[in-house]
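Only the coordinates and a few stated rules stand behind these numbers; no lab work does. Remember, it's a predicted structure, so these values are computed and weren't measured experimentally. Note that we place each Cβ from the backbone using ideal geometry, even for glycine, and neighbour counts take in every protein chain shown.
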């Protein structure tokens, strides 16, 4: 470092030394040693807002606020994909369902495992920099619908945030993993839990609850101050007093056990200023007769003002849901080729929707596979329900398609800005239901059925034109699709399946270009990032969670093993 003789040079020189993280002697300052290091892992609001343009990092659930899961990276592409090899892998030390994904911040990785563990890793080697393991209550197990899953952490400022199964938000120091603060938001003994990755919008830390199938919990989205954990606002997605306008859509005072958990992260529309957040199913899940009406806002995407939490609009996919089709699946924000500002939503009810995000009106709806619960659609894409496929008390209702998992389960779709296609992981299955009248008991399952039978089928990945809904291609899978999607500018679509095959597909044709057996089923979502000029792709392994495919394929575990870990792939050279 040169001697500093001018005031302006002083600041430039000091800044250069600090950013470089070096020690140097600066005799003209009157000190012997000037030492500093730039902290390069803090995530800012600007970084989140520009995440769609950032090729190197993966900062949030859908990679960007639009939830496209599209990466502009193209170092790994269709021409060199045969050179993709495992670079390292990590065992989590737990054999359980792994629904999480990797968050990447300037070469550092953050990932969660089941049972609320967090790992900070060096991106090129997998070296563990620190880890955190939550001590969970011993009586938590019976309250979990879907094993001890967690879908990831978000990094913001100098902290990393995880929402826990026992309804806490935990803030960890991103350098050490030490707990900075934790806040209790709910009561797991009622069945309320957190399984989602948090999101941050306009300086607020947001999380939606899980556990609506127990009926005791109104769906709730919590907004917090990231520095303190103090509540900024709290929004219910269903009535909680009976005085709300939407309570009129719940006959027989059924709003008292409404459900409607918003258990996946939302998307943030930077143009309208609203958060688009999916709302889950009403309860009892399979007995719609005791809750006549549309049951708002279940089975919907709602538009939320991030400043106040006020709900400004909605679109409902499945009014009076009788099949547990939910509605929490992601809303992918696009401007299509017709210049329409819309969102794309692949629902568990078996249909793909395009919704105008300026007025919440339906542009179009198309089936993704066999969906016999509906006979057609009316005004604004309102479904015309097939009465023969509504569960009743007198007999079993057979062969209802799709199965309650979908359609498309929670594992996310991806939208490519290169092709204009949305890539949907789906399943061709049906179910048998027999409704029953069930007395509500706080903290106990409230499903309203005495038969829940899964009829075997297979899975698929399908590409649909995001402007028209036209099917572009189909890639058939042996088992229901249990892994999320990743699309890249390299012309690739990545996906893992229940048989443990992680693959790369041509984004224009659906042709498999590369695959690798990770040794255990995949129920997670791939992410990609750049470290030191090299692109990597990461995937978690370990089947289970909310998917019901192990019930359908009873012999699966005779030839497959459970897992609990992650793989990171890169080019051989």
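Observations
- Between residue 436 and residue 74, the modelled label-to-label distance comes to 5.9 nm, taking each label 7 Å out from Cα in the direction of the beta carbon.
- Simple label model, 7 Å out from Cα along Cβ direction - residue 253 to residue 386, nm: 3.7
- Linear extension gain, residue 178 paired with residue 393, 0.36 nm per residue minus alpha-carbon span: 72.1 nm
- Nearest-0.05 FRET efficiency for residue 372 and residue 125, computed from C-beta distance (R0 56 Å): 0.65
- Subtracting the Cα-Cα distance of residue 340 and residue 512 from their residue separation scaled by 0.36 nm leaves 58.7 nm.
- Linear extension gain, residue 471 paired with residue 227, 0.36 nm per residue minus alpha-carbon span: 83.2 nm
- Counting every other Cβ atom within 10 Å of each residue's Cβ, 289, 572 order from fewest to most as 572, 289.
- Fewest-first sequence of 373, 434 by Cβ atoms within 10 Å of each Cβ: 434, 373
- Residues 85, 531 arranged by fewest to most Cβ contacts within 10 Å: 85, 531
- Acute angle (nearest 10 degrees) that the helix 7-20 long axis makes with the longest principal axis of the chain, alpha-carbon atoms: 60
- The alpha carbon centroids of the stretch 265-309 and the stretch 45-89 are separated by 29 Å.
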